[in-house]
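The values are calculated or read from the model by the stated rules, or taken from the named source; none is laboratory data. Everything numeric here is computed off the predicted structure, so don't read it as measured data. Counting neighbours? That spans all protein chains shown, and the Cβs are built from the backbone with ideal geometry, glycine included.
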Amino acid sequence: MLNISLRAETIFHIGTWPITNAVLLAFIAVLILATVAIILRRKLAMTPGMLQNVSEVIVEGALSLMDDVLGTREKSERYFPLVFTIFIFVITSNYLGLLPGVSSIMVGHGANAVPLLRSPASDLNFTLAVALIAVTTVNIFATIIFGIKDRISVFLNFKGPIQLFVGLLELLSEFARIISFTFRLFGNVFAGEVLLAIMALLAPYLVPLPFMFLEVFVGFIQAFIFAMLTLVFIELAVTPHEGEEAGH
Amino acid sequence: MPAAAPHAMQQLLDQLGINWELLISQAVNFALLLIVLRIFVYKPLLKLLRDRRARIAEGLMKADEADRRLHEVDMIGKERMKEAENKAVAILKRTEHDARELEERLLGEIKRKETEESAQAAARLKVQQEESRRAMEKEAAVLVRAAIVRTVELAPEAIDDALIARAVKESRT
């Protein structure tokens, strides 16, 4: 019968370090993207080939979108690596999770049988790790621009009770961002996996197809939302607040 | 129960499957991807896009410059054409004028030569006439002498020189 587990299953250990099916598929995603990146690097030329053309269209599109939010191309190029890596990693992981064999090829026997691969975003460790990296990096960017003293004063401001309260709310909102990032992506992908598994169990032929399309769409939208929210948080963090502008 | 809260938290994290080792594994995956993409894609590709943008801008600038220069060259060409046309017209006018002068000079020359030649011809004619007249006079003298000899054959000595001269004078008229 259907076995739904919130936790990613450990399939082997490196020494004492556990490797789950979600970590394995995330690593496969990294390998695929790294391979494509190396091939692209070798073929980079002033007159582009097909792969470079496609890459340039995607990168230019992403940069234009970032220009709309950040205002300048210089800023967009500075924050592009983080935002685009989040997008490409999440979308690749989501789409790899939809491939046949993922969640259905099992290792182990009987009751100990677990899927060899699992969609990385259906494991909270993946979404939490990416969320932590995004929020931490946003704060690092803001610290680089405004200095550590100013950045801390955003969260701990003792100029008055209202400022202190606003600062604490800011601090709380950072944690809220991590949680919302983590559970939004996890919830959508995990729910999609469960939905697909149930549909496949109830009606294995044709009926799951529309849901597959839905998951393709959800996979893109969730990666896009994650990257766009990171971008918006960067913009909020690196733009001087009212009253601060004169100081910078 | 101060120890209960961390324990409950740990239990919640366990139930959700959150584990610091797996968290680090996924973070390393992400960091690895970020580094690889930064080295192999972002840096070279963004540099290439910037370079190409700069080249396109430079190309457009050069094209504008070339258009401007072409326009200038076109203008210079038109000016030169106009100058050349003016020069050609001036040359034609001067040539026409020179030709007219030459024609007049040649005509004058021809007229002068004609006059000279006609004068020479007249002089030659006069000389010839003079020679003819002399020859005729000689012949006439011979003839008259012969006629007179015949006429006065019997007494040639009686032929008076004055008679001969008179006869010659009459033959002239």
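Going by the conditions given, is residue B:37 at pLDDT below 95, under 17 Å from residue A:52 (Cβ atoms) and facing another protein chain (nearest Cβ under 7 Å)?
In short, no.
The conditions are (1) within 19 Å of residue A:56 (Cα to Cα); (2) of a type in the set (Val, Ile, Thr); (3) in contact with a helix residue (DSSP H, G or I) (Cβ under 7 Å, 6 or more places away or on another chain), and residue B:39 fails exactly one of them. Which is it?
The number of the failed condition is (3).
Scan segment A:91-127 residue by residue and report those that are within 12 Å of chain B (Cβ to nearest Cβ) and either farther than 24 Å from residue A:217 by Cβ or in contact with a Gly (Cβ under 8 Å, 6 or more places away or on another chain) (or both). Break it down into steps so the answer makes sense when it comes.
First, the residues of segment A:91-127 that are within 12 Å of chain B (Cβ to nearest Cβ): A:92-93, A:118, A:120-127.
Selection gives A:118, A:120, A:121, A:122, A:123, A:124, A:125.
Can you pull out every residue in segment A:1-10 that is at the interface with another protein chain (Cβ under 10 Å from one of its Cβ atoms) and either among the hydrophobic types (A, V, I, L, M, F, W, C) or part of a helix (DSSP H, G or I) (or both)? Give the derivation first.
Here is the first cut: in segment A:1-10, the residues at the interface with another protein chain (Cβ under 10 Å from one of its Cβ atoms) are A:5-10.
If the condition is that a residue be at the interface with another protein chain (Cβ under 10 Å from one of its Cβ atoms) and either among the hydrophobic types (A, V, I, L, M, F, W, C) or part of a helix (DSSP H, G or I) (or both), then A:6, A:8 are the ones that fit.
Here are A:175, A:126, A:141, A:165: which of them is modelled with pLDDT of 90 or more, exposed (fewer than 13 other Cβ atoms within 10 Å of the Cβ), under 22 Å from the mean Cα position of the chain (by Cα) and not in a loop (DSSP other than H, G, I, E, B)?
A:175
Any chance segment B:4-15 includes a residue that's within 8 Å of chain A (Cβ to nearest Cβ) and without any contact (Cβ under 8 Å) to a residue 40 or more places away in the chain?
yes
Checking residue B:78 against (1) surrounded by 15 or more Cβ atoms within 10 Å (Cβ to Cβ); (2) more than 9 Å from chain A (Cβ to nearest Cβ), only one condition comes out false. Which one?
(1)
Residue check, residue A:159 against (1) farther than 27 Å from residue A:120 by Cα; (2) outside any loop (DSSP other than H, G, I, E, B), all met but one. Which one?
(2)
Could you tell me which numbered condition residue A:67 fails, if it satisfies all but one of (1) closer than 27 Å to residue A:215 by Cβ; (2) free of Cβ contacts under 8 Å to residues at least 24 places away in the same chain; (3) assigned to a helix (DSSP H, G or I)?
Against the list (1) closer than 27 Å to residue A:215 by Cβ; (2) free of Cβ contacts under 8 Å to residues at least 24 places away in the same chain; (3) assigned to a helix (DSSP H, G or I), residue A:67 comes up short only on (1).
Could you list all residues from segment A:16-28 that are surrounded by 24 or more Cβ atoms within 10 Å (Cβ to Cβ) and either within 16 Å of the chain's Cα centre (by Cα) or β-branched (Val, Ile, Thr) (or both)?
A:20, A:22, A:23, A:25, A:26 - these are the residues of segment A:16-28 that are surrounded by 24 or more Cβ atoms within 10 Å (Cβ to Cβ) and either within 16 Å of the chain's Cα centre (by Cα) or β-branched (Val, Ile, Thr) (or both).
State all residues of segment A:11-29 that are at the interface with chain B (Cβ under 10 Å from one of its Cβ atoms), free of Cβ contacts under 8 Å to residues at least 24 places away in the same chain and either under 21 Å from residue B:12 (Cβ atoms) or in a loop (DSSP other than H, G, I, E, B) (or both); if no residue qualifies, say none.
A:16, A:18
For residue A:47, only one of the following conditions fails: (1) outside any loop (DSSP other than H, G, I, E, B); (2) within 12 Å of another protein chain (Cβ to nearest Cβ). What is its number?
(1)
For segment A:29-64, which positions are surrounded by 14 or more Cβ atoms within 10 Å (Cβ to Cβ) and of a type in the set (S, T, N, Q)?
A:52, A:55, listed by residue number.
Name the one entry in A:41, A:73, A:78 that is of a type outside the set (S, T, N, Q), farther than 24 Å from residue A:230 by Cα and within 11 Å of chain B (Cβ to nearest Cβ).
Answer to the selection: A:41.
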